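Have a look at the structure below, then the notes.
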Amino acid sequence: MTQHMKTAICPGSFDPVTLGHLDIISRAGKIFDRIIVAVPVNPDKRYSFSVEERMDMLRAVCAAEGIGNVEVDRVEGLLADYARRKGAVVVVKGLRALTDFEYEFQQALTNKKLNPQLETMFLSTNAEYMFLSSSMVKQVAGFGGDISHFVPECLLAQIQSRLCPPA
Ligand code: ADP
């Protein structure tokens, strides 16, 4: 990696990855040289998909979309320390609505204290995905609803088979 290459981190649980996430990752990929999509390992939280499954889905969709400058990795411990180890200068997050703001602002300020070299940048959501979240996908799928407008097409079958009730 050359010195002037700018690496950004897109962190998230991606349980599962949605078109809203993908929009942020691909836009960040156009701004920065290298993107690391970082999935925190949090043993205390219950997820629908394992860390490995979520990482595999992220890799598959980035490959399908032709986003070449992306790596997918897991993060154990603090994101601020992970960023330092990877030489990343920026954390890129998507902002949907005011409800995202307070939490994201708190995280950004905490990360800045822990790693003063690390900036947080917010990309505003694409208006089409403003209401979209992984938990909404889980809720709709759990009731047998159509999630094809919310998740990448190449992952639809895999996501449905985990989240949709048996017919
Ligand atoms: P979710 O809220 O969907 O469970 P994550 O915790 O995986 O998402 O979020 C990872 C990042 O992606 C966060 O910065 C979040 O704000 C952003 N994000 C999630 N969904 C969207 C969306 N529809 N539009 C823009 N950003 C989004």
Just to be sure I understand the model, the point goes 7 Å from the Cα along the line to the Cβ. What's the resulting Lys113 to Phe143 distance in nm?
4.0 nm
In terms of modelled amide H atoms, which long-range or inter-chain residues lie less than 5 Å from the amide H of Ile36?
Ala8, Ile9, Cys10, Glu71
How would you order 114-121, 81-88, 40-47, 18-25 from highest to lowest mean count of nearby Cβ atoms within 10 Å?
18-25, 81-88, 114-121, 40-47
Global geometry of the stretch 22-85, whether rounded, prolate or oblate, following the gyration tensor of its Cα atoms and the 1.5 cut on a/c
oblate
Just check the stretch 48-143 against the gyration tensor rule for me: Cα atoms, a ≥ b ≥ c as the square roots of the eigenvalues, rounded for a/c under 1.5, and otherwise prolate or oblate depending on whether a/b exceeds b/c.
oblate
Under 5 Å between amide hydrogens, which residues at least 5 positions from Arg74 or on another chain qualify, with H placed 1.01 Å from N in the peptide plane?
Val39
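Defining a contact as two alpha carbons under 8 Å apart and six or more residues distant in sequence, what relative contact order in percent does the stretch 1-56 show?
45 percent
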Using a Förster distance of 41 angstrom, determine the FRET efficiency expected from the C-beta separation of Ala97 and His4, and round it to 0.05.
0.70
Taking 8 Å as the Cα distance limit and 6 or more residues as the minimum spacing, I'd like the relative contact order of the chain as a percentage.
28 percent
Given the DSSP H assignment, sum -39500 (n - 2.57) over each helix run of at least 4 residues in the chain and divide by its residue total; what's the result at 222 nm in deg cm²/dmol, nearest 500?
-12500 deg cm²/dmol
Added length on full extension, which subtracts the Cα-Cα distance from 0.36 nm per residue, Arg162 to Arg59:
35.2 nm
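We did not get these values from a lab; they are worked out from the coordinates using the rules stated. Owing to the predicted nature of the structure, the values given are computational and were not obtained by experimental measurement. FYI the Cβ positions are ideal-geometry reconstructions off the backbone, even for glycines, and counts take in every protein chain you see.
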